[in-house]
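Below is one structure, written out as structure tokens; the observations come after it.
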Amino acid sequence: MAALPRLQSVREIVKLYGLSAKSQLSQNFILDKNITDKIVRSANLSNQTPLVVEIGPGPGLLTRSILDNDVPHVVAIEKDDRFIPTLTQLSEATQGRFRILQGNALQVTFQEIIETIPSLSSVLKKDREQQKQPEPIHIMGNLPFNVASPLLMQWLHQSAGRQGLFGSGDVWMTLMFQKEVGERLSAKPSTEHRGRLSVMAQSLCQVNTVYTVPSTVFVPRPKVDASVVQLKPRQEKLIVSDSYKTLEDVLRYYFTKRRKTIGHTTKRLAKQNAQVKEILDELETKIDFKARPEDISTDTFCSIANLLNQRNITITTT
């Protein structure tokens with residue numbers, strides 16, 4: 001696959017177009033390609049990767065690192081129209097490998113992504129038919145801090161239901177978050193950052209922090225460092241697809257009372273819900289009533305959610 005032609009550096013483009021990061025959009029640029037190259041290396045992209053969807057490319061430095069790995073199809077979703085001219089220039093230099101979709105990543109559909117590359121739907125279908133273990137699709141991005149968690153929650157729900165992009169096969173996500181969010185995503189039981197988001201992510205994915213990005217590499221410099229977190233689909237299923245909403249409700253109920261023991265909170269729930277009272281003894285065999293929510297494993301929470309869903313028991317958090 002042909003290398004990208006000589007282009008102006010992203011630093012030059014930012015200066016030429018007068019591009020500045022907008023604080024109201026939580027924008028922070030990385031202008032050091034050594035950093036974006038390291039991020040992309042962690043994703044193990046190649047010319048066999050069917051598709052990379054990049055969220056919020058901005059001036060396009062991470063995009064260039066992705067394209068340098070010979071990925072045949074890259075679609076970038078960018079909300080800020082100030083970046084469209086420089087991204088269009090990059091698109092024209094790639095002979096169709098890179099396409100731009102202007103819009104809000106929270107609202108863009110899989111169909112809209114597919115429509116940017118007319119041949120992509122048939123390519124994905126062919127790859128799935130010809131390969132027993134086809135290469136995964138990737139979602140990547142230096143996510144704006146103010147939408148990072150809502151975006152991830154939306155993708156997790158789509159992954160659980162095999163909807164949208166996640167209905168096309170395995171999807172790996174290599175995403176940049178504020179360091180604290182990254183720590184919450186990968187937190188193990190009985191650690192400081194363990195919470196609802198930890199279990200929601202780990203119920204579906206193997207979650208690893210692959211790179212810590214110091215605040216000094218961003219322009220403008222944020223107050224905190226960032227973490228690049230990789231989420232790969234679990235090979236073994238912990239949660240059945242229609243139990244994922246139940247899991248979310250269970251976690252919200254327990255973690256809003258995180259200082260209470262599991263037994264205290266569960267017995268309180270049993271007083272409010274007759275169906276829970278009927279299975280109280282069974283719940284006690286599955287979960288340590290003396291523990292607190294942050295001490296409970298992802299497997300155990302998933303087991304509880306599967307049980308409640310099987311019995312058609314709804315948990316309310318009011």
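Read-outs throughout are calculated quantities, based only on the coordinates presented, and are distinct from any laboratory measurement. Everything numeric here is computed off the predicted structure, so don't read it as measured data. Cβ coordinates were reconstructed from backbone atoms using ideal geometry, including for glycine residues, and neighbour counts include every protein chain displayed.
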quick note, the chain, DSSP beta bridge pairs, % antiparallel (nearest 5) is 45 percent
Could you work out the helix-only [θ] at 222 nm for the chain, with each DSSP H run of four or more residues adding -39,500 (n - 2.57) and the total divided by the number of residues, to the nearest 500 deg cm²/dmol? -11000 deg cm²/dmol
Burial ordering of HIS73, HIS193, fewest other beta-carbon atoms within 10 Å first: HIS193, HIS73
With at most 15 other Cβ atoms within 10 Å, longest stretch of the chain clear of loop GluC sites (Glu not before Pro) (DSSP): 1-191
Looking at this model, which pairs from LYS179/LYS223; LYS267/LYS290; LYS245/LYS286; LYS260/LYS290; LYS33/LYS223 are more than 18 angstrom apart at the alpha-carbon? LYS245/LYS286; LYS33/LYS223
Hey, if you put +1 on the Cβ of every Lys and Arg and -1 on every Asp and Glu Cβ in region 241-310, which of LEU247, ASN306, ALA274 ends up farthest toward the positive end of that dipole? ALA274
Per residue, how big is the convex hull of region 149-232 when only Cα atoms are used? Give it in Å³. 100 Å³
For the chain, whose charge dipole is built from +1 on Lys and Arg Cβ atoms and -1 on Asp and Glu Cβ atoms, the candidate among VAL108, LEU175, VAL147 with its Cα farthest towards the positive end is VAL147
Please arrange ARG252, ARG221 by how many other C-beta atoms lie within 10 Å of their C-beta, fewest to most. ARG221, ARG252
Let me spell out the model: positive unit charges on the Cβ of Lys and Arg, negative unit charges on the Cβ of Asp and Glu, origin at the Cα centre of the chain. What dipole size does that give, in debye rounded to 20? 820 debye
To the nearest 20 Debye, how big is the dipole of region 175-275 about its Cα centre, given +1 on the beta carbon of each Lys and Arg and -1 on that of each Asp and Glu? 500 debye
